[in-house]
Amino acid sequence: MKFSVVIPLYNKAPYIESAITSVLAQTEQDFEIIVLDDGSTDGGADIVALIADPRVRLARQSNAGVSATRNRAISMANGQWVAFLDADDWHHPHYLQSLAVAQSLHPAADVVASQYIPVADTSNVRPPAWHVSSTPVTGESIELIEDLPGRWMKGPTFTTSSVSIRTTRLQQMQPCFVVGESHGEDLDMWFRVAEQSPVALIRRPLVAYRVSVAGSLSLINPQLELPPFLHRIRARALSGAMTSAQAKSALKMVADQEISMARDALASGQRMKAIRLLWKGHNSASKRRWWFTAAMTAFVPGELVRRWQHWRVRRTIPTMTAG
C-alpha cells in the first residue's frame, strides 16, 4: 500500500465527513484512511462508522491528546508513506498523486509536502472550489528544501495536513509527537525530521487549511512565552547536534519568533514584555525586522499595533467560494 492517511478526531463532527470524502475522491487510489477518535463527545466517530468503504479504518481511545493520537495512528499504518490530515481540512483530488510523483523524483527525501490554501472557518463545511493547475507535477514544480528554518522564514511552506513522511522514518522516531503538547507539537516533528532529511515541496496549494480570521499568536499563546518546541530547537542548535549552517538558521528562526511575540505583547499593552522579548532575539534575528520592531516599541501606541496586526492576519486569508 502506498499511503496511510492519518486523521486524528476530537469533536469535529461537522467537518469529519468532508475531510474523509476529500481523500476518497483522490485520483491516486492506493491508500487507507485511519481515523483515530480521541474520546470525542459530539458523535463524530459515529459519523465515520457509517461510511461504507473498507479503506476507512476507525479506532477509538480515551482522550489522550493529539500527539498520543497521531503516534498510535502511525503505529497502525500499513502504507509506505503516512500522510497527515486534520479532521477539519481537505485534500485536493490530485494531492496523493502529486505526492507520489514528487517522491519518485526525489527518492532521498523522507518528507514530501505541498503548499496550502488558508480558508476562513465559517459555517460552510464543503470543500473549496479549487483553482489549481491541472498539468502534471514535474521537477520544475518541486522545491527541494535542505534548510527548513531558513525557508520557513521566507514565506508559507506547508501545514500539518499537507505533509507526508516515509513510514520507516516515522517508526524510527517513535514516539514522533511529544505527548502532552498541543501547540507546536507538529512543527517540532517537521523540524526534527528536516534536520535529517531534505523536504520536497510541491509548489501548488493542494490542501485547504481551516483557520480563524481572528487568530493570532496572542490568542493561541496568551502568556506570550516561547513554545517548548522552539526551546528544544534552540537547545539542539547550541549543543552541536546540527551543522553550523543549520544551527545559524535555527537560531535566527527562534529569534524571529521572539520578535513576533514582542509585537503581540505591544499590541496587547505589555510594553515591558515586548522589550524583554525583543532583547532576547537581538543577536540572531533579522536586523531590519528587529530595528523596525524596536521603533514600534518605542514610538507606536499599542492600539495602532493591534490594528496593524489584525489587518495583516486578515490579509493572508483569501475569500473562497465553496464547491
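The values are calculated or read from the model by the stated rules, or taken from the named source; none is laboratory data. Just so you know, these numbers come straight off a predicted model, no measurement behind them. Quick reminder, even Gly has a Cβ in these numbers, built from the backbone with ideal geometry, and neighbours come from all protein chains shown. The accessibility values were calculated without ligands, DNA or RNA, using every heavy atom of the protein model including side chains. Shrake-Rupley method; radii C 1.70, N 1.55, O 1.52, S 1.80 Å.
Filter the GluC sites (Glu not before Pro) in the stretch 142-196 to those in DSSP coil with at most 14 other Cβ atoms within 10 Å of their Cβ, and list the result.
Loop-located and lightly packed - 146.
Based on the alpha-carbon gyration tensor of the stretch 138-185 and its eigenvalue square roots a ≥ b ≥ c, which shape applies: rounded if a/c is under 1.5, prolate if not and a/b is larger than b/c, or oblate?
oblate
Measure off, as a whole percent, the carbon and sulfur share of the 1.4 Å-probe accessible area of the stretch 45-91, all protein chains present.
Roughly 50 percent of what the probe reaches on the stretch 45-91 is carbon or sulfur.
Once Rh for the stretch 147-279 is found with the Kirkwood sum over Cα pairs, what is the Stokes-Einstein diffusion coefficient at 37 °C and 0.692 mPa s, in µm²/s? All intermediate terms of the calculation are to be shown ahead of the outcome.
Values: Rh = 16.3 Å.
Answer from the Stokes-Einstein relation: 202 µm²/s.
Would you pull out the residues with amide H under 5 Å of residue 28's amide H, same chain only if 5 or more places away, H placed 1.01 Å from N?
Placed amide hydrogens put 96, 97 under 5 Å from residue 28.
Can you give the relative contact order of the stretch 1-94 as a percent, counting alpha carbon pairs under 8 Å and 6+ residues apart?
47
Over the chain, one equal point on each Cα, no solvent: what is log10 I(q)/I(0) by the Debye formula at q = 0.16 Å⁻¹?
Here the Debye-derived log intensity ratios amount to -1.45.
Where in the chain are the helices, taken as whole DSSP H runs, whose Cα atoms extend 15 angstrom or more along the long axis and whose Kyte-Doolittle mean reaches at least -0.5?
The qualifying helices are 13-24, 95-105, 228-239, 244-267, 287-299.
Could you tell me what % of all Cα pairs in the stretch 1-62 have separations over 18 Å?
Result for the distance tail: 27 percent.
Where a ≥ b ≥ c are the square roots of the eigenvalues of the C-alpha gyration tensor, would you call the stretch 44-145 rounded, which needs a/c under 1.5, or, failing that, prolate if a/b is larger than b/c, or oblate?
Since a/c reaches 1.5 but b/c is at least a/b, the shape of the stretch 44-145 is classed as oblate.
In the stretch 93-180, which trypsin sites (Lys or Arg not before Pro) fall in coil by DSSP and have 10 or fewer other Cβ atoms within 10 Å? All intermediate terms of the calculation are to be shown ahead of the outcome.
Details: sites: 151, 154, 166, 169; in loops: 154.
Answer in residue order: 154.
List the residues, sorted by chain then number, that are 5 or more residues from residue 60 or on another chain and whose placed amide H is less than 5 Å from its amide H.
37
From a point 7 Å beyond the Cα of residue 46 in the direction of its Cβ, which residues of the stretch 3-17 have a backbone N at a distance under 17 Å?
Taking a point 7 Å out along Cα→Cβ of residue 46, the residues of the stretch 3-17 whose backbone N falls under 17 Å are 10-17.
With all pairs of different alpha carbon atoms counted, what Kirkwood hydrodynamic radius in Å does the stretch 27-74 show?
Hydrodynamic radius (Kirkwood, Cα only) of the stretch 27-74 equals 11.6 Å.
At 222 nm, what value in deg cm²/dmol follows for the chain if DSSP H runs of at least 4 each add -39500 (n - 2.57) and the sum is divided by all its residues, to the nearest 500?
Taken over the chain, the calculation gives -13000 deg cm²/dmol.
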